Each structure stands twice: as structure tokens, then as C-alpha cells.
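The values are calculated or read from the model by the stated rules, or taken from the named source; none is laboratory data. Since this is a predicted model, take the numbers as computed values, not measurements. When we count neighbours, we look across all protein chains shown, and the Cβ atoms used for this are built from the backbone with ideal geometry, even at glycine.
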Amino acid sequence: MENNDNNIGSTFLRALIKDQVFWICIALIIMIVVFSIIADAFATGPNLFNITRNFSFIAIMALGMCVVIITAGIDLSVGSVLALSAVVLGIVMREGYSIWLGAFACFGTGLLCGLVNGYLIAYVKINPFVVTLGMLSIARSLAIVVTKNAMIYEFGPDEDLLNEIGGGATLGMPNSVIVLFVLTLFFIYALNYTAWGKHIYSIGGNEEAARLTGVNVNFVKLSAYLFSGLMAAVSAFLMVGWLGSVTNGIAMTYELKVIASTVIGGANLMGGAGGAFGAVIGAALIEIIRNGLLLAGMDPYWQGTFVGAFIILAVLVDKFKITTRR
Amino acid sequence: MSILALKSISKNFGAIEALKNVNLNLDKGQVVGLMGDNGAGKSTLIKIIAGVFQANTGEILYNDQQVNFSKPIDARNSGIEVVYQDLALCDNLTAAANIFLSRELFKKFFYIPFLNYKKMYDVSQGLFDELKSETRPRDEVKLMSGGQRQAVAIARTKLTEAKIVLMDEPTAAISVRQVAEVLDYIRQLRDQGISIILISHRMPDVFEVSDRIVVLRRGSKVADKKISNSSPEEVTALITGALQSA
């Protein structure tokens, strides 16, 4: 959580040391330094451009995911929702409709999936793991149905614009990274400086207390899944433009990377803790480990081991922190 | 003058009759002690007044007008505050965030509303000072003692001009000194003309601050009398059923 301006000096330092995101940032800096030394190609402009673009798609989804996880929920369906939104975008544009209509259909698909998830979880009160596991299967299957299992590579009259938005750059920054930057600011604002944000945290802390105090728990929970679905769709829109084609296999198992990013960034699966900035840093860290090891000449088969070990290590640091404080 | 009147309130949870035809009057500035064994329906009654549950039959008159609170925030906005048995606090939030939960304060910055943390900390500090509590507004509730948590729950009821404060076992989990402080606070509220319903298992506490005592047994009201006309022995007998009614 953000520290208030009055928390200066030693109070601020103490709060910082307790914060998992702070340690993850330190780890990130150390890794960047180490990889810069051992791999010549790491700290080059083109590689940094690639790293930031690669992690931006995951990080955008991690923003939505962190909101869900703070409410003590989970959204396993984001990879499949991305795929369904992506193929809907592809089909609408292939049929000659404008990019605006394509974007509308793409974001609408993500929101609709989020609405179904959120409604079943918040109002029908089915376990989020079960609901989103079902959606993971449904959305992926629908993506295969609507594409008839074929690749889409023609996007009608606005194809160039689509490719430019997703794959292009502005002022030397990949467009997807700029979108990520704006969305991160928005989520930091929403989680820390609005009543909605406090309500998200309160639900993860003590849902019954939040309800008794007057928080509209069901609606706030629903909104969390809407955000998660929408972020998957935003990521889909950018990713299709970057790839220049789309298949129904896109973003397979991305939910695991997204959840891992969020958890590394300080979110607690029990709810009540986490943040937008942390989720983005978590996503960056995973990509840097992956990219750095590759450039350092490590056999890519080892990547999963390193990333996995880091996930556990990050949470272990958090656990250690809690036990020493008590 | 009656500020709250419950008229033949009944509530079932499936086949279980939690409350049967309960009538209850609460006057302005009055403290009513509500007693009964576990499962007698005390908390259910409180939650019906607070808008958490809705009665199956019966009506509630608040300031002589019929009300039907469908959610807790409706009751809160009408001036009915509750201190719940488990205090209903979010451990992961600060004291101030708990006090202002669903009543947040804002400031505008370039037309964009931001939570006004400074104001919320200052107001919370003022409330804790009034309660003579050393609880700090910026501390997270999970690091607090029982008494401090109690102070947060009570401070929340002081945030607005409450007319009725419902307290469900406010003295259950705190030290002897803190119990005296809570009882003092109840007298303070009463002197300001606020009406209170106090649920407690601790007979001495109830007899110390209440004007009237109401006893529930298995969902029915079995006694409703002035505290001066009753005694702890009589109330114990009423609670257990040794005495049928009084």
C-alpha cells in the first residue's frame, strides 16, 4: 500500500523494509546488474525494448488479477479469455469491420466473461477456483469453435492500424508498454485513493465485516472479475497487433504466469494484501529471469526451475517477515 | 418518547424459529440490557434492527415511522450504529480505514477525487482522544490488542450523529479496566440522549448501566422490566427457564 506523506524518516524506512515489493525491486536491480555483466547482449537497447514489450502483456493481465486476488479470489480463466477476445477481434476485423468495432467486440467479450465469472462468484456464491476453472475450459473451447480451428491472419481495412498499435512504438517505447504504464497508474489510483479500492482490500481482510459495515460486497467482487476480464481483452488487442495473426492456442497457460507475477509482487492468495505496482514488477522479474538466463547461455529447459524457485522464495521472504514481526 | 418500536417481530431460518412475536420499545436516552442464553435470539434481534436480516413478520417503527432496512448501510445512514460481537474489523486495514469504511472522506485534485488520508487520520485521532484510548489511527488492526480493537469498533459508532447504538457483547474479550471504560462510554452516550441496546453475558455490567432489562428465551421475550424491579437472581432464573416469565 502507498505510504502517506507524513510517514517520513525512520517510519518510512521501516515500512519500506517490511514491504515485499521493496525487496522484489532490490532483487530486480541486482538481477539486471548481474545479467548486464555476464551477458553482453542483455543491457542493449533492442533487448530492453523486447523485454519490456514481452512482459507488458502479462503485466496488464496481472493488474486485473491482483485486484481479484486481493479480494481473496482467483481468476484462472485469463489465458482463455484472452484467446477468445483475440479471435473475436480477428474475426470481426477479417469480415471487413473497422478496428473500433473490433475493439468493442474484443473488450465486450472480455467483460462478458468477467461478468459471468463475477456473477457466479459474487451472487451465486460458487467458489472462484471452480467458476474460473470452468471458464478456462469454456472460453478456450469457444475460441476453437468460432475459428473452426484455423489461423486468422487477415484483418481487413484497418489491419495496418491494428499492427501499429500492438507492435509499434512511440518515442522509442513499445506501445504496449505505454498502455501498461497508463493502466498501472490507473490501478494504483483505484486501489489506494478511491473508496472502491479500500472496499477491495476490506473484502479480502474480512468479508463479513465489510458487509456489516455497509460495503456492497457482491458488486465490488463482481467488479474485480470485470476488471480481470477487461485486462485480458486489452492484452489480447495489443497481442494480436504485435503477432500479426491469431490462433485459438494463443496465451495458453498464461494464467499461471499472471498469477505468479501477482504473487511475486506481494499479493496473498488468502486475500487482503497486494498491489498494482508489485504485480507489474513481478511480471518484469519473471521476464528478466527468462531473458537473462537465455542470453547468459543457460539451457532454456532450466527456465521453469528458476522462475518456480523464485516464486517460492518471494513468498518465503514474506512469511519470514510476518513471523519476525509477531 | 419511543425512538424505536419493534412490533411482533418473528424470524425463521428454515425450520428454526429464531424470534417469535417479539415486541420491544426503546426510549430516547435509554439503555436496555438484552439478556438470554446462547441461541435465545439476541444477536438475531440486533441484526434485524441493523438491517442485516429482515424479519419474516412484524414491523419496525423508527421515530414513529415504519422502516424496512434492506442492508446495513441503510440503517447506518439513518443513525443506527452497531458494535458487533466479533467487532467486524478488517485486520489488514488501518484503524482509520476501518473507522471510515464505506464512509470515506475525499479531496479533489484537478477534479479527480482522492481519499483524504490526512483528514481521516486526524478525525480518527480525535475520536481516540475522546475515548482516552492510545490507539493510533495509522496502525493496522492486526497488530492491536483486544482493547485497542474495541476502541476502533466503538470509535466507528461516534463518527456520525448516531441515535441508537447496538452493542453485542462489547465487554466479552477485554480487560477489567477496559470494561469500566466501555461502561463509562455507554453512560456518556446515554447522557447525550443516544439510546442503547446492550447485549452481554456479564450480569454485573448489565445491572450497572441499564435502565431496563429484557430477557429472551428460545426466541420469545419472557421479561421486560425496570432494572430496579429486578435482580440478578431473577434474571438468571428467567434465562435458564427456572422462572417462566416476569
> Within the stretch A:213-248, how many residues turn out to be surrounded by fewer than 24 Cβ atoms within 10 Å (Cβ to Cβ) and within 14 Å of chain B (Cβ to nearest Cβ)?
Replying inline: 6
> Hey, which of the helices (runs of 4 or more DSSP H) in the stretch A:1-78, taking only ones fully inside, have at least 2 residues that are modelled with pLDDT of 90 or more and under 14 Å from A:Asn291 (Cβ atoms)?
Replying inline: A:20-38, A:45-70
> How do the pairs read when you match residues in the stretch B:194-211 that are over 12 Å from B:Met35 (Cβ atoms) with residues anywhere that are part of a helix (DSSP H, G or I) and among the aliphatic types (A, V, I, L, M), using Cβ under 7 Å and keeping only pairs 6 or more apart or on different chains?
Replying inline: B:Ile196/B:Ile186; B:Ile196/B:Leu189; B:Glu208/B:Leu183; B:Val209/B:Leu183; B:Val209/B:Ile186; B:Asp211/B:Ile227
>> I'd like to check something: does the stretch A:181-193 contain any residue that is within 20 Å of A:Arg53 (Cβ to Cβ) and in contact with a strand residue (DSSP E or B) (Cβ under 9 Å, 6 or more places away or on another chain)?
In response: yes
> Does the stretch A:275-293 contain at least one residue that is crowded, with 17+ Cβ neighbours inside 10 Å and in a loop (DSSP other than H, G, I, E, B)?
Replying inline: yes
> Any residue at all in the stretch A:249-262 that is facing another protein chain (nearest Cβ under 10 Å) and either among the hydrophobic types (A, V, I, L, M, F, W, C) or surrounded by fewer than 24 Cβ atoms within 10 Å (Cβ to Cβ) (or both)?
Replying inline: no
>> Residues to consider are A:Gly114, A:Gly108; find the one that is in a helix (DSSP H, G or I), modelled with pLDDT of 95 or more and either surrounded by fewer than 19 Cβ atoms within 10 Å (Cβ to Cβ) or of a type in the set (Val, Ile, Thr) (or both).
In response: A:Gly108
>> For the stretch A:182-212: of the residues being more than 16 Å from A:Ser228 (Cβ to Cβ) and among the aromatic types (Phe, Trp, Tyr), which is nearest to the other protein chains (Cβ to nearest Cβ)?
In response: A:Tyr193
>> Considering only the stretch B:122-134, I want to know if a residue exists there that is within 11 Å of chain A (Cβ to nearest Cβ) and at pLDDT 90 or above.
In response: yes
> If we scan the stretch A:250-258, do we find a residue that is within 13 Å of the chain's Cα centre (by Cα) and acidic (Asp, Glu)?
Replying inline: yes
> What are the residues in the stretch B:61-111 that are more than 7 Å from every other protein chain (Cβ to nearest Cβ), part of a loop (DSSP other than H, G, I, E, B), touching a Ser or Thr at 6+ places or on another chain (Cβ under 8 Å) and touching a residue at least 40 places away in the same chain (Cβ under 8 Å), if any?
Replying inline: B:Asp64, B:Gly79, B:Gln85, B:Phe100, B:Arg103
